[in-house]
Amino acid sequence: MKMVSLMKKRNFSGLLLAGVIGLVGLLCNSLSRADEVLLYDGKKVTGTIRSVDSKVLKIEAGKDLQEISLFDVTSYKFLEPALPQNMSQLLIDGEKPSYSAGPRTAKVKLRKGLQRFTLLYYHSVGLAKLQIQMSGPGMKKAEVPQEQLFRVNTEVREIPAREFRLDAEGYRLPVKIEKPEKYIAYRLMEWSHPVSVKSVHDLKAVPVKKYGASPRLALLSRRSAINFGIVYEGLIQIPQDGEYTFAVETDKNSKAKLYLGAYPSELYKQAKRKQSSGWKVTFSQSGMFSGTLGEWKKTGVRFQIPVAEKEINLILKPGAIHELWKIQEDKKKSKTVDRKGESKTEDSAYVTTQDGNIHRVSGEVVGVNDQSLLFQYQGQQREVNLDRVVGLVLHKNRVKPESNLALQSLMTLIGNTQIPGVVKLDGGNTASITMPWGDQFSINKDYLESVKTVNARSVSLVEIQPDSVTQVPFFYQQYPYQVNKSLTGQPLKIGTQSFSNGLCVHARTVLVYQLGKNFERFQTTPGLQAETGKLGNVAVKVIADGKTLFENPEFTSATKLQSLDLDVTGRETLSLVVDFGKDQDVGDRFVWGAPKLIRAVPKDLAANQKQANQK
């Protein structure tokens, strides 16, 4: 039988001390979570979320139990508490600000043998850089030698976290493996809008694109792609006891974390490989998921959806589904579907014909059996082989929302399934959601990536479709406005300030939004996109119901960066106008950074708050 254990220390008192340290760490860890609540004004509350219902979120922050109106919450997430440092040591934290140039370094005392490590890296834009070096007794500062790198296999994964520890002298103890395997394991993740990765916690929710093994602890190519992350897992052979120095250097658009010891809890419940087959489904209201279609009857539709390391059943009313599109295994063979003239009252089935074209049929989806789509067409029920079905768009029995402004939540699971409805959590580990059409779904909160409130006090303008878009080209060259990226696909940036969300337009563009007297403030940071350099001269206006709230007839890259906070109380429409300036259209690429509307407090909620304040 193979034996896998941590190397025993000679000294019993050292073991006892290390055990006490680990026990204290476990006790401290069990008492503190890092759940995070983001409020409409940008403030964050961290602690332990105790309960959530349709109106109130309760969070234990320190010794206080705070009750927060869900109307004031933008989003919240349940974060796995970090393991104690003696078990899983965060040696280098690239997410923390650094005021010095060059690599981040850290020293650690290690015993001779195999030491487990995990390196997390994610990158946003530009040429990616990741350089890891180490030095110590008998080792000059250099990339970790390939002959000292080994793989984390099943034997290593089976070692409990509590067995990774330090000895009495503060040295990290190694693991003992009979036959270590060469190379280190990695998994590659990529994402695009609307997915956003701003921390390691976000990275775990991104499906894996590729699993692989590498002979080196480094980027294997000079990647220039945007939005990707890599998790390296391995063992380093330490030649002798001593103090070792690690150095990690990245580019300015990347972040990295280096752990020694047990696998970091931040990546527990990691999303698995992105689905290459099945169906991509959007709900009749907000929300979407990818999964395998099981059965479709008048009483319900059953899907299997991936959540972290497992698959679970999701059963929906047929009216809850708006669109289904088959996931194409070979992207090169996929064809563009022409949806012009699509019915808004009947269901549409997009089917591949014998000559390889895609034909649309209008009627009603009745159901799906093992091999066929059952479709009512011209008064008769017909069967279409599922292999020929490219997509379905449902209107016939689609559930319509009672109100477009109703307060609800959007629950995102690890694996990027998004389910709308009202979330309930009452002290336990199970979160349940009641969907707008009545279906219910429950799951352990450890499988939740985040929960976002919809139609709460803060509403991002990027989530609202403009009521009208007017774009006037200069010399017949038109640039459609972009959401959360520049006109060239780069991140939004004004001067030195970056924005994860916003709108980018080219002069002349007018975006008009319907407010319906539901909001009281409009907030944004406007400016020219940084990639235009010193070019660009535009005339900018913010207009509400014909009244100009803000105007700058000569907005340039030299214009002082300032945020706007404008009163839109009682207004029906909001217009964002970017017109040609003095230099015609040269460099006129303009950004509305982090644009959002602040909703007025509903009368019933305002009355409740007033009563609470009077008590």
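So how strong a dipole does the chain carry about its Cα centre when Lys and Arg Cβ are +1 and Asp and Glu Cβ are -1, to the nearest 20 debye?
1360
Quick one: what Rg and Dmax do you get for segment 446-515 from the alpha carbons, in Å?
15.2, 55
Between GLN328 and LEU374, what length comes free when the chain is fully extended (0.36 nm per residue of separation minus the Cα-Cα distance, one decimal in nm)?
14.4 nm
Can you give the accessible area per residue of the chain, in Å², using a 1.4 Å probe? Don't jump to the answer; show the numbers that get you there.
On the way: 31020 Å² over 615 residues.
Per residue, the chain has an accessible area of 50 Å².
Where does helix 12-31 land angle-wise versus the long Cα axis of the chain, in degrees 0 to 90, nearest 10?
10
Of the peptides 210-216, 47-53, 151-157, 257-263, how do they stack up when ordered by the mean number of other Cβ atoms within 10 Å, highest first?
257-263, 47-53, 151-157, 210-216
In segment 83-162, which chymotrypsin sites (Phe, Trp or Tyr not before Pro) fall in coil by DSSP and have 12 or fewer other Cβ atoms within 10 Å?
For chymotrypsin sites (Phe, Trp or Tyr not before Pro) across segment 83-162 that sit outside H, G, I, E and B with at most 12 neighbouring Cβ atoms in 10 Å, the list reads TYR99.
Nearest 10 degrees is fine. How inclined is helix 603-614 to the longest principal axis of the chain, computing both from alpha carbons?
Helix 603-614 sits roughly 50 degrees off the main axis of the chain.
Separation between the LYS344 and SER54 pseudo-spin-labels, each 7 Å from Cα along Cα→Cβ, expressed in nm?
If labels sit at LYS344 and SER54, their model points lie 3.0 nm apart.
Which order do you get for LEU217, LEU166 if you rank them by accessible area with a 1.4 Å probe, largest at the top?
From most exposed to least exposed: LEU166, LEU217.
Give the residue list of GluC sites (Glu not before Pro) in segment 61-144 that are DSSP loop and have at most 16 other beta-carbon atoms within 10 angstrom.
GLU95
Just one of (i) 41; (ii) 32; (iii) 47 is percent of Cα pairs over 37 Å apart as worked out from the coordinates here. Which one is it?
The value computed from this structure is option (iii).
Tell me, what ³J(HN,Hα) does each residue in segment 204-216 have, in order and in whole Hz, if you take phi through Karplus 6.51 cos²θ - 1.76 cosθ + 1.60 with θ = phi - 60° and put x for Gly and Pro?
Result, ordered by residue: 5, 8, 8, x, 6, 8, 8, 9, x, 10, 10, x, 10 Hz.
Let me know the volume per residue of the alpha-carbon convex hull for segment 410-534, in Å³.
177
Just reorder LYS140, LYS58, LYS43 by solvent-accessible area, largest first, 1.4 Å probe, all chains present.
Sorted by accessible area, descending: LYS140, LYS43, LYS58.
Per DSSP H run of at least 4 residues, take -39500 (n - 2.57); add these up for the chain, divide by its residues and hand me the 222 nm value, nearest 500 deg cm²/dmol.
-2000 deg cm²/dmol
Roughly how many percent of the accessible protein surface of the chain is carbon and sulfur, given a 1.4 Å probe and a whole-percent answer?
Roughly 48 percent of what the probe reaches on the chain is carbon or sulfur.
The values are calculated or read from the model by the stated rules, or taken from the named source; none is laboratory data. Not measured: the values here are computed from a predicted model. Counting neighbours? That spans all protein chains shown, and the Cβs are built from the backbone with ideal geometry, glycine included. Heavy atoms of the whole protein, side chains included, go into the accessibility calculation; ligands, DNA and RNA do not. Shrake-Rupley method; radii C 1.70, N 1.55, O 1.52, S 1.80 Å.
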